[in-house]
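The values are calculated or read from the model by the stated rules, or taken from the named source; none is laboratory data. Everything numeric here is computed off the predicted structure, so don't read it as measured data. Note that we place each Cβ from the backbone using ideal geometry, even for glycine, and neighbour counts take in every protein chain shown. Calculation scope for accessible area: heavy atoms of the full protein, side chains included, ligands and nucleic acids excluded. Shrake-Rupley method; radii C 1.70, N 1.55, O 1.52, S 1.80 Å.
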Amino acid sequence: DVGFAQTMIEHHQQAIVMARLMLDGRPSALRATAQSIADSQLVELGEMRGWLSLWNRPLVPAQRGMGWMLLAGRPPDAQLDAYLLDCGRSPNGMVGLASDEALERLRRLEGPDRDRLFLRLMLAHHQGALPMARFAAAEARHAAVRELATRIAIEQSEEIGRLDLTLAALDSSTRAALDEHHEN
């Protein structure tokens, strides 16, 4: 429960950073999406910080990584093994977190290129959180943790679908505009 809260806090913090970059006043078709992500993840972030405070545990884990997932009552299956290996290969110990370079690029880009990068980063971000949330939904000791983890898994799965559709629409409108430009 502690490991989930600590690592999901870090994960949510980055999603909020990315969302806030999209809310910096520059034009974007994704303002509502970014605001929704920031709002929902701030509420969840507060809930997890509250648990850690009640449990008298630090907000940040003593070591990076997802080793807490090995504390379940059952041995990891092949899917969890693969996820843990991917996390171990990740520079920050977690799958789906954007690199500092990617965040800087998001800060610099404008228009549809910026929107497209935000969508791609957020898709990878949410996809990286799903195994962690699903694991905690099944294995957490506290009912409140299982409930939040279940909600995160459902909401982020739904969000992935919306982000995929938005990215496809953005890509298709860009292709249509390029085709029209080449025809002229």
Notebook entry, point to check: In this structure, is Leu52 open to solvent by less than 40 Å² (accessible area, probe 1.4 Å), modelled with pLDDT of 95 or more, in contact with a helix residue (DSSP H, G or I) (Cβ under 8 Å, 6 or more places away or on another chain) and under 23 Å from Val2 (Cβ atoms)?
Noted result: yes
Notebook entry, point to check: Say we look at the range 31-49 and pick out the residues that are of a type in the set (D, E, K, R) and closer than 28 Å to Leu109 by Cα; which of these is surrounded by the fewest Cβ atoms within 10 Å (Cβ to Cβ)?
Noted result: Asp39
Note to self: Just to be sure before I move on: is Arg64 part of a loop (DSSP other than H, G, I, E, B) and basic (Lys, Arg) in the structure I sent?
What the structure shows: yes
Item checked: Counted residues, the range 120-156 - those being under 16 Å from the mean Cα position of the chain (by Cα) and among the basic types (Lys, Arg) -> 3
Check: Any idea how many residues of the range 17-30 are under 29 Å from Gly67 (Cβ atoms) and either surrounded by fewer than 19 Cβ atoms within 10 Å (Cβ to Cβ) or polar (S, T, N, Q) (or both)?
Finding: 1
Note to self: Restricting to the range 8-30, name every residue that is within 14 Å of Leu106 (Cα to Cα) and assigned to a helix (DSSP H, G or I).
What the structure shows: Gln14, Ala15, Ile16, Val17, Met18, Ala19, Arg20, Leu21, Met22
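Yes/no per residue for (1) buried (at least 19 other Cβ atoms within 10 Å of the Cβ); (2) in contact (Cβ under 8 Å) with a residue 12 or more places away in the chain; (3) touching an Asp or Glu at 6+ places or on another chain (Cβ under 9 Å):
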site	(1), (2), (3)
Ala78	no, no, no
His126	yes, yes, yes
Leu130	no, yes, no
Gly161	no, no, no
Check: From Ser99, Ser90, which residue is under 17 Å from the mean Cα position of the chain (by Cα) and farther than 30 Å from Ala32 by Cα?
Finding: Ser90
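Which is in contact (Cβ under 8 Å) with a residue 40 or more places away in the chain, of a type in the set (Lys, Arg), over 22 Å from Arg49 (Cβ atoms) and crowded, with 17+ Cβ neighbours inside 10 Å, of Arg114, Arg107?
Arg114
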